[in-house]
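Below is one structure, written out as structure tokens, with a few remarks after it.
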Amino acid sequence: KTCQSTQYAPYIICYALQVSSITRIRSTLDFATHTFFQKYGFLHVQVPIITATDTGGFSEKFQVTTLLGKTSKEEEPVGVSDADVVSLETVKAAIKEKSGVVKQLKRSDSNRESLIVAVQDLQKTNELARQIEAREKSKPVTAVKPDLLNFNDDFFGRPSYLTVSGRFHLESYASDIGNVYSFGPRFQADKTVSSKHVAEMWTVEVEMAFSQLGDAMKCAEDYFKILCKWILDNCPEDMKFVSKRIDKTITHRLEYMTTSSYDKISYREAVEILRKVPDKAFETQLQWGVPLTAEHLSYLADDHYQRPVIIYDYPKAVKPFYVRSNEDGKTVAAFELVVPKVSLNFIKREPKLYVQIGTVITGSQNEESFNVLNTRITEFDLSIDQYEWYLDLRRHGTVKHSGFSLRFDLMVLLTTGLIDVRDVIPFPRSQANS
């Protein structure tokens, strides 16, 4: 062995052990998910990965087509636009942020493995910046203009996409057989550089017939607590490794989230609490009717309640069209479960990086009225043809129903104490990295 390879061998071995522990923890959370829902009578069903329906109505989607290179008109050379790649400014901002993370980790001798991972991530980001600079300087390439495509001749006869969410299809199952859940990959073509998002992420989705918002909130809380407890009970050796090498507070935090009661507040109450914080300057100006940002959610969970908190009854403008409208006409029956990055009740703050997950579960009671849903689709300026089959679920009457989605990869991130979701996904798919 060379001197250099010998020097880094312990870190390579430790990183391999870290990957093994994360994989076992991920597998255990998978098993816990199926055990929980099977125990309470939910049926596991599969939903399509390819769909013509946009669940949110405004999502960034990956289009699926067989028409590229098959247009009848002459293809025209076009240059690669800024939309084709993530902006160089965004990547440079990420490099600056990740450089700060590396510097902070270097000042701590208790987290060498995380330092190695952070350095590797910084190197990849620098390489991405070099690739983008090279593409911007390259010659124009030949591409097919979208307006030359006739989707009537496409494989599905219409524009189709990789699914963002399967909850619409779950509703069709719930209308027939009751409580159901699905577990699979979901896709978003979001080019934002974030430690909590990649293009392909696995999601647990649940739909319950004859239920309202409160039922979904209760089920989501019970499910989340079971996941935390299951890891503690069934992965003792892996959690010892995680506690020693990554985050020594992780076991205490999971125990706290398992046993503590979760505060439930409305969006309006959340805004009132945040407005009473005179000495804390939020980057985004706080006003009723706008989405709560990550720093707002962090303050509520970390500083105010110091425990997980469920926020419900959001303004209808910030939630999808299918969420049930409340009687006040301003809010809709939606909720988010927000987790703190550290439990302040008994854990002393230390100069280290804590994973900031924020929202790990989102849910809602969905609109059961055909007329109201039809109106909402029009208000969002969406194509009625695209949602015709979804309207059919209510056309002859239906039942009240609700559900939620858990971002599984973020749950793995939470239980391991790591800071980047790419570290808990075996083969992460992100911008310029497939």
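Figures for the structure shown
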{"read-out": "Residue in the range 311-333 that is in contact with a Phe, Trp or Tyr (Cβ under 9 Å, 6 or more places away or on another chain), under 19 Å from HIS252 (Cα atoms) and modelled with pLDDT of 90 or more present", "value": "no"}
{"read-out": "Helices (runs of 4 or more DSSP H) completely within the range 238-341 that count 1 or more residues being under 30 Å from PHE370 (Cα atoms)", "value": "267-275"}
{"read-out": "Selection count, the range 369-412, where residues are of a type outside the set (A, V, I, L, M, F, W, C) and in contact (Cβ under 8 Å) with a residue 40 or more places away in the chain", "value": "13"}
{"read-out": "Residue check, SER195 hydroxyl-bearing (Ser, Thr, Tyr), assigned by the TED database to the domain that holds PRO308, under 30 Å from GLY57 (Cα atoms) and not in a helix (DSSP H, G or I)", "value": "yes"}
{"read-out": "Residue in the range 291-310 that is farther than 22 Å from GLU336 by Cα, of a type outside the set (Gly, Ala, Ser) and open to solvent by less than 80 Å² (accessible area, probe 1.4 Å) present", "value": "no"}
{"read-out": "Any pair with Cβ under 6 angstrom, 6 or more apart, that starts in the range 418-429 at a residue that is over 18 Å from GLY358 (Cα atoms) and ends at one that is small (Gly, Ala, Ser) and modelled with pLDDT of 90 or more", "value": "ARG429/ALA199"}
{"read-out": "Residue selected from the range 396-417 under the condition open to solvent by 10 Å² or more (accessible area, probe 1.4 Å) and assigned to a loop (DSSP other than H, G, I, E, B), by the criterion farthest from ALA216 (Cα to Cα)", "value": "HIS396"}
{"read-out": "Selection count, the range 32-55, where residues are surrounded by 16 or more Cβ atoms within 10 Å (Cβ to Cβ) and in a loop (DSSP other than H, G, I, E, B)", "value": "7"}
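Yes or no, residue by residue, for (1) surrounded by 16 or more Cβ atoms within 10 Å (Cβ to Cβ); (2) more than 30 Å from ILE95 (Cα to Cα); (3) modelled with pLDDT of 80 or more; (4) in contact with a Phe, Trp or Tyr (Cβ under 9 Å, 6 or more places away or on another chain):
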{"position": "ASN111", "(1), (2), (3), (4)": "yes, no, no, no"}
{"position": "ALA118", "(1), (2), (3), (4)": "yes, no, no, no"}
{"position": "LYS124", "(1), (2), (3), (4)": "no, no, yes, no"}
{"position": "PRO140", "(1), (2), (3), (4)": "no, no, no, no"}
{"position": "LEU148", "(1), (2), (3), (4)": "no, yes, no, no"}
{"position": "ARG158", "(1), (2), (3), (4)": "no, yes, yes, yes"}
{"position": "ILE177", "(1), (2), (3), (4)": "no, yes, yes, no"}
{"position": "VAL180", "(1), (2), (3), (4)": "yes, yes, yes, yes"}
{"position": "GLN188", "(1), (2), (3), (4)": "yes, no, yes, yes"}
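The values are calculated or read from the model by the stated rules, or taken from the named source; none is laboratory data. The structure presented is a predicted model; accordingly, all values stated were derived computationally and were not measured. Here Cβ is always computed from backbone atoms with ideal geometry, including for glycine, and neighbour counts include all displayed protein chains. To get the accessible areas, we keep the full protein, side chains included, count just its heavy atoms, and leave off ligands, DNA and RNA. Shrake-Rupley method; radii C 1.70, N 1.55, O 1.52, S 1.80 Å.
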